[in-house]
Amino acid sequence: MKAGIVVFPGTNRERDMAIALRVVSGRAPKMLWHRETSLPDLDLIVLPGGFSYGDYLRCGAMAAHSPIMREIRKFVSEGGYVLGVCNGFQILTETKILPGALLKNTELRFLSQDCFLRVDNAETPFTAGWQKNDVFRAPLAHGDGNYVADEKTLEQLEGEGRIAFRYVSSAGIACSEDRKSNPNGSVNAIAGIVSADGRVCGMMPHPEDLVDPLMGGEDGRPLFEGLMEVFIR
Amino acid sequence: MSLKQKVADAALAREFGLSDDEYDRVLAIMSRTPSLTELGIFSVMWSEHCSYKSSRKWLRTLPTTAPWVIHGPGENAGVVDIGQGLAAVFKMESHNHPSFIEPYQGAATGVGGILRDVFTMGARPVANLNALRFGSPENSRTRQIVDGVVRGIGGYGNCVGVPTVGGEVNFHSAYDGNPLVNAMTVGVARQDRIFLSAAAGIGNPVVYVGSKTGRDGIHGATMSSAEFDEHALAKRPTVQVGDPFVEKLLIEACLELMATDAIVAIQDMGAAGLTSSSVEMAGKGNVGIELDLDAVPQRETGMTAYEMMLSESQERMLMVLKPECTDLARTIFEKWELDFAVVGHLTDTGRIVVTHKGKVEADIPLAPLADQAPIYDRSITPLVPPGPVGPVHDPVGLEQSLIKLIGCPDLASRAWIWNQYDSTVGGQTVRRPGRADAAIVRVEDTSIGLALTTDCTPRYCYANPKAGGAQAVAEAWRNITATGATPLAVTDNLNFGNPEKPEVMAQFVAAIEGMGEACRALDFPVVSGNVSLYNQTRNPDESARAILPTPAIGGLGVLADVEKHVGMAMPESGTLLLIGETKGHLGQSLWLREVLGRETGDAPMVDLAAERRNGDFVREQIASGAVLACHDVSDGGILVGVAEMIMAGGHGCELEPPQSGMRPEAFWFGEDQGRYLLAVPGDGQELLSMARARGIALRVLGGIGGEGLTLPSGATISTPRLVAVNDAFFPAWMGVDAFEAVRS
């Protein structure tokens, strides 16, 4: 799997992502500076977590206008695979590559804790390492992860099976009003979605921080293992 | 009259915080009346904050060396050998006064400042910790300060992408007008790429990088060197404003430049900004320095030399470069969209010369500025020995006492706080807050683990500063040991009241004496630190209240193989052992305070020989794989420690009657030192006989397993109840119920 990780000024989880990709795939990803105007030959581009441009103006709003984003749009239109995690998800919604938006957490505080996620559609390239309804743990760390979208978009996402991950209790129950299982208040407890063709995925939690038993578990590994399968085929 | 028209005289010097004697010294050095800028430079360099004039004499008595110490105090941070050619670079620093005036920015810039001290030396910051002391929860302003400080620490640390992995929080009314915010950063560097601050190379360019200079924080160092009064909040303009985004860029740009050979010397612009960085770099290198302020990047117009030299605008660094590398360095900083300006050069004059708009605004000989800085041997009064504990009776029984204790502000779960700090960024956090006695962070791409903790028990230090100073060091050593790591060194953050008061100075001297003894006995030298004095609030009636003496200790230990550590979570089965002698010391215990409402008696003494013996034994047992979990016995005593292990792991424990011959509350809640709770497989008999052979006190407390905490009486407190009580305080106090930690 040839992966590239985009680094914006203020990106801070690129190292975590690089380690996860390297540990699982055995191959170190390329780091891509945000001012690049051409892309190397890649299977997967990752927009990692962090505070691109300090989250000033709006999370992801300025990164969405970085030179590399033109290339990434082209990459997407040509059927390339893109994963956006946390700030990367925010950038994907700011560029409208994925629908909806991420508002401030309902309690208006930064949240850093483990959450449980349920795989609602195991047929996407990003969820192929799991079975449908599998529940796994992942750390989350964000101030603006409260997913919203208009009714029509939500109907579309739900109807087309584009909800990849939902915040759930450890027993696998989703309840958008429950702050224990859905801590940021996301509509329909949505934690991650995919594009219509399934090749772009945005999610708030950090599976890349849970790929090593020493760090508390390997719950995040299937995401990367599933992607490996896609690119080996 | 605006400052621009002011001329230097003794009255203005006093306003700037210099005594009449000190001003006379300035006149003698200058042989003329100093300019306003020169007086500003003297006043900040000779402030308590920058000169350590009251503390230096005593700091010299602390042990600072060991075979593994690479750089002790005197550099931006301490440096120790952690193996495989790597070094840990760490320091703790206070931002107390600014955090009271403006909690969010005060705390945020405290984090920013300590990060710079560490990456200035060439280390990538890998962990942040913080030691916080707040006023009584009943005080209406405390909640606002806690909220601001926690948001500020999170706002800065989360954005720069350095995980906040540990710390401590206490509440006491003595901090009502003067909270303590002590921030610690740990970084990792290659031993052959440590950067120092001594300037060298006559003619070499002096380069300014980072943010532009504004008018914020002028005289911040002076403000931190005086007592607070009722007008404290009017000092808000002296508080700096932080920009963690720029700091993140500065970290990456500096580390990128540090991978080359361009840098001769580097220093961050912290307290007293451009003044202290230029004076210290030139002074340490025995060279002169010329600065052209017209070249300084400015974000406001019309700034004077005085304002620029004293500004404490954040996220700025000063470097001396090899001249041929200037363009390379400029390219790197421009890539990161940071200001880069050659603002001067080194000279052979031994003087600092500052010009602005073609005029010399300051021209001061550097040697006397440093050498003739005042050092005081402040007077001390004999300490008042602590009173007796008084009659002790247990009005409520073990169960009610335990419930009361684990729900009290000083022992309640801190999840509400740490859930606002990103503790996992970097992907190397092995043990997050609350999972082990010290936080464990792996060094990327190695098997090395760092064990990190901050400790101090201010109520002990108040009752008995010497015993309290020793206890703070011993507890840090113990917390590191309880994970299986080898303690290496400490950074200290000495927070005290007004040193001009003999009773405060006496506390300071005694605490250092206790710390020194413990550091020597435990081979745990002090490699960096910070002194914060004048933590004292003057009331309108001129009476003053000092904080509890708070020598916060930041400890660092190392595990060569990070896999060989243990956490504190109670395992599924086995036997719970207690190492160390229990005498039932209730003086200054939390039980006494929370159940009987008294803060009486002496602090518990640390038997340093036993401390060492017990700790070395525990570490050996963990290394040999004989231990499933370990937790030190500290605040609240044995029973609280057992409850904490159960809450961390979910598995229960059945305690046996101890047959100790002492009252149950003294046995279960006494705070004797040098003790550990060990969860071991089987019946623990092997360990018992080994301990006996080594002269180490060890006893079986009970069997591990089942659900909840079963007391010697047979009554069981369920784990969910323990957790609910422990979790209740912060969310209820801060008015939210949504911040339940996911305990897994």
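Here are the criteria: (1) in a loop (DSSP other than H, G, I, E, B); (2) modelled with pLDDT of 95 or more. Tell me which single one B:VAL527 does not satisfy.
(1)
Just the residues that are within 14 Å of chain A (Cβ to nearest Cβ) and over 28 Å from B:VAL558 (Cβ atoms), please, taken from region B:155-190.
Across region B:155-190, the qualifying residues are B:GLY155, B:CYS159.
Quickly run through region A:209-230 and pick out the residues that are more than 8 Å from chain B (Cβ to nearest Cβ) and part of a helix (DSSP H, G or I).
A:PRO213, A:ARG221, A:PRO222, A:LEU223, A:PHE224, A:GLU225, A:GLY226, A:LEU227, A:MET228, A:GLU229, A:VAL230
Checking B:ALA609 against (1) buried (at least 19 other Cβ atoms within 10 Å of the Cβ); (2) under 27 Å from the mean Cα position of the chain (by Cα); (3) among the small types (Gly, Ala, Ser), which test does it fail?
Answer for B:ALA609: the failing condition is (1).
Looking at B:ILE448 and the list (1) within 14 Å of another protein chain (Cβ to nearest Cβ); (2) out of contact with any Leu (no Cβ under 9 Å at 6 or more places or on another chain); (3) not hydroxyl-bearing (Ser, Thr, Tyr), which single condition is not satisfied?
(2)
List the strands (runs of 3 or more DSSP E) that sit entirely inside region A:110-149 and contain at least 3 residues that are within 9 Å of another protein chain (Cβ to nearest Cβ) and over 15 Å from the mean Cα position of the chain (by Cα). Walk me through how you get there before you give the answer.
Values: elements: A:111-119, A:135-142, A:146-148.
Counting at least 3 such residues, we get A:111-119.
One residue is enough: does region A:7-17 have a residue meeting the conditions under 17 Å from A:GLY88 (Cβ atoms) and among the polar types (S, T, N, Q)? Working first, answer last.
Step one: list which residues in region A:7-17 are under 17 Å from A:GLY88 (Cβ atoms), which gives A:7-17.
Going one step further and asking which of them are among the polar types (S, T, N, Q), we end up with A:11-12.
Yes, there is a match, as at least one residue in region A:7-17 is under 17 Å from A:GLY88 (Cβ atoms) and among the polar types (S, T, N, Q).
Only one residue in B:ALA603, B:ALA666, B:ALA629, B:ALA623 is buried (at least 24 other Cβ atoms within 10 Å of the Cβ) and over 25 Å from the mean Cα position of the chain (by Cα). Which one?
Selected residue: B:ALA629, the only one of B:ALA603, B:ALA666, B:ALA629, B:ALA623 that is buried (at least 24 other Cβ atoms within 10 Å of the Cβ) and over 25 Å from the mean Cα position of the chain (by Cα).
Within region A:93-106, can one find any residue that is part of a strand (DSSP E or B) and either within 13 Å of chain B (Cβ to nearest Cβ) or β-branched (Val, Ile, Thr) (or both)?
Our first condition is that a residue be part of a strand (DSSP E or B); within region A:93-106, this holds for A:101-103.
Those still in the list that are either within 13 Å of chain B (Cβ to nearest Cβ) or β-branched (Val, Ile, Thr) (or both) too: none.
No, there is no match, as no residue in region A:93-106 is part of a strand (DSSP E or B) and either within 13 Å of chain B (Cβ to nearest Cβ) or β-branched (Val, Ile, Thr) (or both).
Looking at B:ILE101, B:ILE29, can you tell me which residue is of a type in the set (A, V, I, L, M), touching a strand residue (DSSP E or B) at 6+ places or on another chain (Cβ under 9 Å) and under 26 Å from B:ASN178 (Cα atoms)? Before you say what the answer is, go through the steps one by one.
Numbers: B:ILE29 fails: under 26 Å from B:ASN178 (Cα atoms).
After applying the criteria, what remains is B:ILE101.
Residue-by-condition table, conditions (1) surrounded by fewer than 24 Cβ atoms within 10 Å (Cβ to Cβ); (2) out of contact with any His (no Cβ under 9 Å at 6 or more places or on another chain); (3) touching a residue at least 24 places away in the same chain (Cβ under 8 Å); (4) assigned to a strand (DSSP E or B):
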position	(1), (2), (3), (4)
B:ALA510	yes, yes, yes, no
B:GLU517	yes, yes, yes, no
B:ARG520	yes, yes, yes, no
B:ALA552	no, yes, yes, yes
B:THR575	yes, yes, yes, yes
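Does any residue in region B:607-618 that is closer than 15 Å to B:MET515 by Cα come within less than 6 Å, Cβ to Cβ, of a residue that is surrounded by fewer than 22 Cβ atoms within 10 Å (Cβ to Cβ) six or more places away or on a different chain, and which pairs are these?
Matching pairs, first to second residue: B:LEU608/B:ALA521.
Among the residues of region B:531-540, is there at least one that is under 28 Å from B:TYR676 (Cβ atoms), in contact with a strand residue (DSSP E or B) (Cβ under 7 Å, 6 or more places away or on another chain), part of a strand (DSSP E or B) and not acidic (Asp, Glu)?
Step one: of region B:531-540, the residues under 28 Å from B:TYR676 (Cβ atoms) are none.
Checking region B:531-540: not a single residue is under 28 Å from B:TYR676 (Cβ atoms), in contact with a strand residue (DSSP E or B) (Cβ under 7 Å, 6 or more places away or on another chain), part of a strand (DSSP E or B) and not acidic (Asp, Glu).
Going through region B:94-133 one residue at a time, which ones are of a type in the set (Phe, Trp, Tyr) and buried (at least 24 other Cβ atoms within 10 Å of the Cβ)?
Once the filter is applied, which keeps residues that are of a type in the set (Phe, Trp, Tyr) and buried (at least 24 other Cβ atoms within 10 Å of the Cβ), region B:94-133 yields B:PHE100, B:PHE119.
If I ask for residues that are at pLDDT 95 or above and either closer than 13 Å to B:GLY40 by Cβ or not in a strand (DSSP E or B) (or both), which ones from region B:287-303 would you list? Show your work before the answer.
Our first condition is that a residue be at pLDDT 95 or above; within region B:287-303, this holds for B:287-298.
Listed by number, the residues that qualify are B:VAL287, B:LEU293, B:ASP294, B:ALA295, B:VAL296, B:PRO297.
Within region B:180-220, work out how many residues are within 23 Å of B:TYR156 (Cβ to Cβ) and assigned to a strand (DSSP E or B).
14
Please tell me if A:ASP41 is out of contact with any strand residue (DSSP E or B) (no Cβ under 7 Å at 6 or more places or on another chain), among the charged types (D, E, K, R) and more than 17 Å from B:VAL162 (Cα to Cα).
Details: out of contact with any strand residue (DSSP E or B) (no Cβ under 7 Å at 6 or more places or on another chain): yes; among the charged types (D, E, K, R): yes; more than 17 Å from B:VAL162 (Cα to Cα): yes.
Criteria met by A:ASP41.
Would you check if B:ARG378 is in contact with a Pro (Cβ under 6 Å, 6 or more places away or on another chain), more than 10 Å from every other protein chain (Cβ to nearest Cβ) and closer than 28 Å to B:LEU132 by Cβ?
Details: in contact with a Pro (Cβ under 6 Å, 6 or more places away or on another chain): yes; more than 10 Å from every other protein chain (Cβ to nearest Cβ): yes; closer than 28 Å to B:LEU132 by Cβ: yes.
When the stated conditions are applied, B:ARG378 passes them.
Just to verify a result, which residue in region A:11-36, among those that are assigned to a loop (DSSP other than H, G, I, E, B) and free of Cβ contacts under 8 Å to residues at least 60 places away in the same chain, is nearest to the other protein chains (Cβ to nearest Cβ)? Let's see the steps before the verdict.
First pass over region A:11-36, keeping only residues assigned to a loop (DSSP other than H, G, I, E, B): A:12-13, A:26-29, A:34-36.
After this cut, where a residue has to be free of Cβ contacts under 8 Å to residues at least 60 places away in the same chain as well, the list is A:12, A:26-29, A:34-36.
On the way: A:ASN12: 2, A:GLY26: 15, A:ARG27: 16, A:ALA28: 11, A:PRO29: 14, A:HIS34: 11, A:ARG35: 8, A:GLU36: 12 Å.
Checking each candidate, the answer is A:ASN12.
Applying the selection to region B:348-394, what residues are of a type in the set (Gly, Ala, Ser) and surrounded by 15 or more Cβ atoms within 10 Å (Cβ to Cβ)? Let's see the steps before the verdict.
Taking region B:348-394 and keeping what is of a type in the set (Gly, Ala, Ser), we get B:350, B:358, B:362, B:367, B:370, B:373, B:379, B:387, B:390.
B:GLY350, B:ALA362, B:ALA370, B:ALA373 - these are the residues of region B:348-394 that are of a type in the set (Gly, Ala, Ser) and surrounded by 15 or more Cβ atoms within 10 Å (Cβ to Cβ).
So that you can scan it fast, the table gives a plain yes or no per residue for (1) closer than 27 Å to B:VAL246 by Cα; (2) not aliphatic (A, V, I, L, M):
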| site | (1), (2) |
| --- | --- |
| A:ASP16 | yes, yes |
| A:ILE19 | yes, no |
| A:ARG27 | no, yes |
| A:PRO40 | no, yes |
| A:ASP43 | no, yes |
| A:VAL46 | yes, no |
| A:PHE51 | yes, yes |
| A:MET69 | yes, no |
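Please enumerate the residues belonging to region B:414-442 that are more than 12 Å from chain A (Cβ to nearest Cβ) and surrounded by fewer than 24 Cβ atoms within 10 Å (Cβ to Cβ).
Filtering region B:414-442 for residues more than 12 Å from chain A (Cβ to nearest Cβ) gives B:414, B:437-439.
Of everything in region B:414-442, just one residue is more than 12 Å from chain A (Cβ to nearest Cβ) and surrounded by fewer than 24 Cβ atoms within 10 Å (Cβ to Cβ), namely B:ARG414.
Is at least one residue of region A:193-205 in a helix (DSSP H, G or I), crowded, with 24+ Cβ neighbours inside 10 Å and within 14 Å of chain B (Cβ to nearest Cβ)? Please lay out each step first, then the result.
Going residue by residue through region A:193-205, those that are in a helix (DSSP H, G or I) are none.
No, region A:193-205 has no match at all.
In this structure, does B:GLU75 turn out to be modelled with pLDDT of 90 or more and closer than 26 Å to B:SER528 by Cα?
Numbers: modelled with pLDDT of 90 or more: yes; closer than 26 Å to B:SER528 by Cα: yes.
Yes: the conditions hold for B:GLU75.
The values are calculated or read from the model by the stated rules, or taken from the named source; none is laboratory data. All values reported here derive from a predicted model rather than from experimental measurement. Backbone-built Cβ (ideal geometry, glycine too); neighbour counts: all protein chains shown.
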